[in-house]
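What follows is a short report on a single structure.
None of the figures in this text is laboratory data; all of them are computed from the coordinates on show. None of these values were measured; they are calculated from a predicted model. Glycine gets a Cβ as well: all are built from the backbone with ideal geometry, and neighbour counts include every protein chain shown.
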């Protein structure tokens, strides 16, 4: 019984290590998003850290339009990054977790 428990604990530690490695790797996965007219471009990591932002001169004269563009483009990029982040972390967690009957956490 204790051997099984120790084996499960080892697998859980291994899963935690895989999750941490995945988080580090997601810092290198870049998501590029831009407005349909290309006036605003943003790049962020799959961990949702903004890496770069390019704003066209055309947008600098209209504060309200710039704010609208920022909200629209950043939200699209954050949604993409979140989807990648969640899928990758779920896969890493599922891959390393011990098979415990009745504990189908990641279907």
Quiz item: For 89, 30, what ranking results if the residue with the fewest other Cβ atoms within 10 Å of its Cβ goes first?
Solution: 30, 89
Practice problem: Any chance you could list the semi-axes, whole Å, largest first, of the equivalent ellipsoid that the Cα gyration tensor gives for segment 9-96, using √(5λ)? | Solution: 36, 10, 8
Quiz item: Pulled fully out, how much extra length does the chain show between residue 65 and residue 89, if you take 0.36 nm times their separation in residues and subtract their Cα-Cα distance?
Solution: 5.1 nm
